[in-house]
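Down below is the structure, laid out as structure tokens.
Every number here is computed from the coordinates shown, using simple stated rules; none is lab data. Source: prediction; values computed, not measured. A quick note on method: Cβ atoms are made from the backbone with ideal geometry, for glycine too, and the neighbour counts reach across all protein chains shown.
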Amino acid sequence: MTLAMLHPVRLGAIELKNRILMAPMTRARAPSRVPTPSMAEYYRQRAGAGLIITEATQISQQGTGTLATPGIHTAEQIAGWRAVTEAVHGAGGRIICQIWHCGRVSHTVFQKDGEAPVAPSAVRGSIRTFTTEGFVPTSQPRALGLDEIPGVVDDFRQAARNALDAGFDGVQIHGANGYLIDQFLRDGVNQRSDAYGGSVENRCRFLLEVTDAVVGEVGAERTSVRLSPFSTTWDCHDSQPAPLYQHAIAQLDQRGLAFLEIVESVYESSVSGSAPQRQDGFGTDDVRSAYRGPLVLNGGYDRDRSEAVLAAGGAAAVSIARPYMFTPDLVERFAVGAPLNPPGEDAAVYGGGDAGYIDFPAMQG
Ligand SMILES: Cc1cc2nc3c(=O)[nH]c(=O)nc-3n(C[C@H](O)[C@H](O)[C@H](O)COP(=O)(O)O)c2cc1C
């Protein structure tokens, strides 16, 4: 019997040859913020995934928050990404770009003229980021002015346009893991008293405006959103996540997106402080009943768990991050039940050269 994970699936306008996605993973190998030939090779090696979601990619200089992450807001970056999408398409894969604004998870050294990073409110958080000086406390952010918000929404729209121009099959809006959109969602960071703060409806407004702008530019069938309702990252908390995410998901359901990706569980990271978040009786089944479109689940999926949820019809696809770091031909190995490569060195996860990045072997024969 063929494995359910190997069945093709259509997510919006994107035809996938199987139901295993490579989840987004920052690898910090673009020191000049422009995608490199090594990145094209890295993603080409992983083209056996049904769909690759790239590492988080900043939409603007203002959205930049850490070292060596790529952007998609200059002509040079678009050209660099074009080499990546051509390599993946040439190897029979599909790839979308995760578009990202770090908000307060940033430092003045990354900002124009050393300005303060922006956030929904001037709430700093007990967090650090990587600069050339090491892993240092983030800078005090300033609250975005009401008149500035349309410009940030437009930066997301333009980044989505740039992604399609670079040959991507679509985009994913990074609404997860404590970055700007998540900062607007959660009342631990969003303390605004205008139309973007206070009620659940108001805190979801920025996410939905960004989604509508991106959908207007590239079409719902090429737009995905990632949310992390069951975890907290970068000290970005909410007092009542259940009603917040119920509203966000119900609203996204009306947009007819290519897919919604839900981070179900996180590994506990000493870098970002990721941890599970209080549940309030709200779980994946509630997401399933609130969201009728294609759902992609992420977090701790190995071969058996992936097959179980897909065979049971519990998701359209699953996405897998960490094993993809050291096993480029993950789906090919799942197909035959072959063991994965042993994990690489922790030191090669973020930054560095090709070692621990593009030197993991595929199966022999
Ligand atoms: C090295 C590393 C970098 C990551 N970078 C991103 C990122 O850029 N964007 C994102 O949404 N999630 C990122 N994540 C989270 C993963 O996409 C995923 O949610 C998490 O690792 C759980 O999935 P897994 O158990 O399959 O690894 C990253 C995870 C790791 C390990």
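Assorted remarks:
- When the Cα positions of Gln158, Ser224, Ala28 are compared along the charge dipole of the chain, Ser224 comes out farthest toward the positive end, with charges on each C-beta of Lys, Arg, Asp and Glu.
- Sorting the segments 5-15, 172-182 by their residues' average number of neighbouring beta-carbon atoms within 10 angstrom, most packed first, yields 172-182, 5-15.
- The distance linking the range 8-59 with the range 142-211 is 22 Å (Cα centroid to Cα centroid, whole angstrom).
- Shape analysis of the chain based on the Cα gyration tensor places the equivalent ellipsoid semi-axes at 29, 24, 19 Å, largest first.
- If you wrap the Cα atoms of the range 107-198 in a convex hull and average its projected area over all directions, you get 7.2 nm².
- Annotation note: trypsin sites (Lys or Arg not before Pro) in the range 282-356 located in DSSP loop regions with a Cβ neighbour count of at most 14 within 10 Å are Arg292.
- Dipole magnitude (debye, nearest 20) for the range 4-348, charges at Cβ of Lys, Arg, Asp, Glu: 340
- Cα-projected label distance for Asp113 with Ser38, points at 7 Å along beta-carbon direction, nm: 3.5
- Largest to smallest principal axis extent of the C-alpha atoms in the range 215-365, angstrom: 47, 34, 33
- Low-density loop positions, GluC sites (Glu not before Pro), the range 61-145 - DSSP coil, at most 16 other Cβ in 10 Å: Glu115, Glu133
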